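Notes for the one structure printed next.
The values are calculated or read from the model by the stated rules, or taken from the named source; none is laboratory data. These numbers come from a predicted model, not from an experiment. Every residue, glycine as well, gets a Cβ built from its backbone with ideal geometry; the counts of neighbours run over all protein chains shown.
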Amino acid sequence: MRRTVILGSLGLASGKIYFSETFGDGWESRWTTSKLKESEGTHGSFVATAGKWFNDEKEDTGIQTKEDSRFFGISAGFDSFSNDGKELVVQYQAKYEKDVECGGGYLKMGPKMDDATKFGDPTVYNIMFGPDKCGYTKRTHLIFNYKGKNVLKKSDLAYKQEGEGTSHLYRLVVKPDNTVLVEIDGEEIYKGSIKEDWEVLAVKEIADPDDKKPADWVDDSMIDDPEVAKPGDWVDEKRMVDAEAKKPDDWDDEEDGEWEAPMKDNPEYKGEWVVKRISNPAYKGFWEANKIANPEYVDDDKVYSFADFGFIGFDLWQVKGGTIFDNVIVTDDVAEADEFAKKWKALSEIEKAKKAEEDEAKKGDDKKKEDEDDDDEEDKEEDAEEM
């Protein structure tokens, strides 16, 4: 009923909603838990909860990864559709109630699966989108499958999940002009071209394999100054034989071996001679082969387009569980996603207020403990003086 009421309230939007989920009553019947990792004993489970902070517990209930150090797999199917010729908008909420340390909070979308219980890493997908972290590597993933290859963005997208325990809203918009828009919490963090920022197409030009560097090409920019020579009296021996040393009177050549005078620092040593470097007058610059058209380059004005979307799911590894997912929508109209975003905004305001209260209380507790530690230290000093 909860899901139905929400969809019915979207009166101002008129786009096509391909899939939506608010994890109200009966969500288990709409989602299939993967059994791919059950035999390995690393299979994690999802539970319904609103988490520590919420506005309305029933309305803000999502699904949460329960255990630590587990693989989590769950997916939902829907009527197949293609995004050819129209916008694709994917949006969802993710909240890390604990820092995952190493793990993801991303979703995957792809063609309809034959057996959702086998959903996992081997499953072919079209798009992977959302936060990912392992150690110091933190990013928002956005991967497109192009002709059977999963292609990462050339540079990483900003990471917003810093473990503070509040919900973040992730939105991806894929457009028919082969451009992409990514927003987190309503803030644009990327807008650009799939062709330019993902290596989906071969490069347009390559180095001419028949173009060879000329034999007389000089690519050394600096040379030793030919007019400067090491002075004749330059001493570069750091150590020398101590000429004043004498063989000890009790030295026995048969027992001690042949005596050799010890070495000592050379007082005349001037350091290692280094010739002055000057610009090479014959330098022609960095040689680079001429560019020619790449015979393997084939343009594609539909790199954005996928023939079949039939499932959405979360396929994750998390060192620390506790991530809550909620309010998933797949549509062709940003206005539809905006309506769902209102739910996140209302929740976010409550979460931020609760977090501020908790942080303030923690500061007070820390200050109290610090004062108690100072008092204990003073008592110890007084006791020491009395003794």
Note on the range 301-324: residues surrounded by fewer than 18 Cβ atoms within 10 Å (Cβ to Cβ) and of a type in the set (S, T, Y) are S305
With the structure loaded, tell me whether I143 is within 22 Å of F325 (Cβ to Cβ) and buried (at least 16 other Cβ atoms within 10 Å of the Cβ) or whether it fails that test. yes
Which ones in the range 75-107 are surrounded by 17 or more Cβ atoms within 10 Å (Cβ to Cβ), closer than 28 Å to E162 by Cβ and not hydrophobic (A, V, I, L, M, F, W, C)? S75, Q91, Y92, Q93, K95, Y96, E97, G103, G104, G105, Y106
For residues in the range 108-137 being among the polar types (S, T, N, Q) and modelled with pLDDT of 95 or more, which is surrounded by the most Cβ atoms within 10 Å (Cβ to Cβ)? N126
For the range 141-160, does any single residue satisfy the condition of being in contact (Cβ under 8 Å) with a residue 24 or more places away in the chain, touching a Ser or Thr at 6+ places or on another chain (Cβ under 9 Å) and hydroxyl-bearing (S, T, Y)? yes
Taking interchain pairs and intrachain pairs at least six residues apart, which have beta carbon atoms under 7 angstrom, with the first residue in the range 34-49 and crowded, with 17+ Cβ neighbours inside 10 Å and the second among the aliphatic types (A, V, I, L, M)? S34/I74; F46/I63; F46/I74; T49/I324
Looking at (1) within 30 Å of D99 (Cβ to Cβ); (2) loosely packed, with under 11 Cβ neighbours inside 10 Å; (3) of a type in the set (A, V, I, L, M, F, W, C), find the lone condition where V298 falls short. (1)
With the condition kept exactly as written, say whether any residue in the range 123-135 is of a type in the set (K, R) and part of a loop (DSSP other than H, G, I, E, B). no
